[in-house]
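Chemist: My structure is below; once you've seen it, I'll send some questions.
Computed from the coordinates by the stated procedures, all read-outs in this text should not be read as laboratory data. Quick caveat: nothing in here was measured; it's all calculated off a predicted structure. Here the Cβ positions follow ideal geometry from the backbone for every residue, glycine too, while neighbour counts run over all protein chains shown.
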Amino acid sequence: MAKMLSRVAPWLASRKDIPDPPGISVRTLDGDDTAALVLLAQRDPVSNVFILAHLRAAGTAAPTSGGAGVLGVFDDGVLAGACWAGANLVPVQLDPTLAGVVAAAANRSGRRYASAFGPATAVLALHAELVELGHRAHEVRPDQPLMTITEPPSVEPNPGLGRGNLADFDRILPACAAMFEEEVGYSPFLGGREFYSRRVEGLIRQGHSLVHLNEAREVVFKAELGAVTSEVTQIQGVWMNPVYRGQGLSAGYMASVVEQARKIAPVTSLYVNGFNTRARATYERVGFNQVGTFATVLF
């Protein structure tokens with residue numbers, strides 16, 4: 001790494017330089033790079049659960065049919081860092097000093113990115129480099145505790161939570177959309193309903209949608225296991241129906257989510273906005289502990 005830093009540091013001092021620094025190269029990974037990418041990501045299976053889940057499902061590091069792929073940074077031919085480049089940018093073991101070469105490659109692709117998320121130092125470094133290239137974010141969330149639990153929850157699970165059913169898709173989808181809009185400030189349907197609807201339907205089919213519906217078949221609480229490997233699950237999309245908020249129900253539901261997740265993998269993870277003190281307190285009460293810090297940039 002010291003050799004890499006000595007090569008990259010002078011290049012970072014002059015943003016006008018377009019070529020990659022000596023010894024450092026960036027390219028989109030292909031199927032032959034799959035094993036190297038897995039080894040890289042396995043250095044931190046919690047932080048890198050997103051890419052490991054993708055590799056588990058796709059079986060290859062090659063670009064998807066939709067054009068999303070993984071940018072690999074090589075130091076004298078050895079994979080030293082990477083970044084998923086699809087609808088979002090997701091760094092994988094990316095040293096912040098390499099953010100410039102990745103940002104330049106991402107910019108050259110001409111793709112528009114909805115967000116960047118992952119380990120805070122890498123994401124914030126990418127954001128700084130992308131700003132220099134003309135990209136503007138409408139919100140930066142620099143402090144998102146990454147939390148895990150590896151033991152049974154400390155709170156009694158709510159027995160009402162179960163796996164979502166496709167028969168209830170028309171009830172689950174609006175709850176998911178409401179959560180998304182509360183979280184990012186705009187509707188997930190802005191570009192059309194199909195992509196987001198397929199995502200929700202896929203999670204239900206995989207058994208990764210967890211939901212409690214009341215007797216009127218209204219969603220009371222829901223969450224998803226958005227990224228899943230044999231080692232780690234990552235909880236996403238936690239949402240409580242506003243009618244039921246403030247009644248002390250969240251901890252029991254989250255305990256039930258953990259209980260379900262532990263049937264799949266030994267480590268359950270999530271990340272939460274640092275300013276959301278109530279959610280953080282709930283997660284800590286359930287038994288989650290902070291193991292790192294993520295950041296999210298919304299473009």
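Chemist: Please check: in the Gaussian network model of the chain (C-alpha springs, under 10 Å), which one of 219, 211, 70 has the largest mean-square fluctuation.
Modeler: 219
Chemist: Same structure, new question: Determine the gain in length on full extension of the stretch residue 43-residue 62; use 0.36 nm per residue of separation and subtract their C-alpha separation, reporting nm with one decimal.
Modeler: 4.8 nm is the gain from fully extending residue 43 to residue 62.
Chemist: Please give, to one decimal in nm, the separation of the simple spin-label points placed at residue 108 and residue 194, each 7 Å out from Cα toward the Cβ.
Modeler: Label-label distance for residue 108 and residue 194, simple model: 3.2 nm.
Chemist: Separate question: 7 Å from Cα along Cα→Cβ at both residue 273 and residue 143: what's the point-to-point distance in nm?
Modeler: 1.4
Chemist: While we're looking at this one, here's another question. Among 77-85, 182-190, 37-45, 261-269, how do they line up by average Cβ neighbours within 10 Å per residue, starting with the highest?
Modeler: Most protected by this proxy first, the peptides run 77-85, 261-269, 37-45, 182-190.
Chemist: Assuming 0.36 nm per residue, please report the length gained on full extension of the stretch residue 236 to residue 76 beyond their Cα-Cα distance.
Modeler: 53.9 nm
Chemist: Provide the net charge surrounding residue 42, with neighbours chosen by a C-beta distance below 15 Å and charges set as Lys +1, Arg +1, Asp -1, Glu -1. Don't jump to the answer; show the numbers that get you there.
Modeler: Working: positive: 43, 56; negative: 33, 44, 231.
Its environment carries a net charge of -1.
Chemist: Top mean-square fluctuation among 67, 248, 191, Gaussian network model of the chain, C-alpha springs under 10 Å?
Modeler: 191
Chemist: I would also like to ask the following. Quick one: among 134, 69, 287, which has the greatest mean-square fluctuation in a GNM of the chain with alpha-carbon springs under 10 angstrom?
Modeler: So, out of 134, 69, 287, the one fluctuating most is 134.
Chemist: Right, here's the next one. For the Cα atoms of the chain, what angle does the longest principal axis make with the long axis of helix 2-12, in degrees from 0 to 90, nearest 10?
Modeler: Result, in degrees: 80.
Chemist: Taking the Cα centre of region 167-291 as the origin, how large is its charge dipole in debye, to the nearest 20, when only Lys and Arg (+1) and Asp and Glu (-1) carry charge on their Cβ atoms?
Modeler: On the way: 13 positive and 13 negative charges, 35 e Å.
So the dipole magnitude of region 167-291 works out to roughly 160 debye.
Chemist: While we're on this one: Could you tally the net charge around residue 66, taking each other residue with its Cβ under 14 Å from the Cβ of residue 66, Lys/Arg +1 and Asp/Glu -1?
Modeler: It works out to a net charge of +3.
Chemist: A follow-up question, please. So if R0 is 41 Å, what FRET efficiency would residue 30 and residue 284 give, r being the distance between their Cβ atoms, rounded to the nearest 0.05?
Modeler: Working from the Cβ atoms, E equals 0.45.
Chemist: Calculated FRET efficiency, residue 218 and residue 151, Cβ-Cβ r, R0 30 Å, to nearest 0.05?
Modeler: For residue 218 and residue 151, the calculated efficiency is 0.35.
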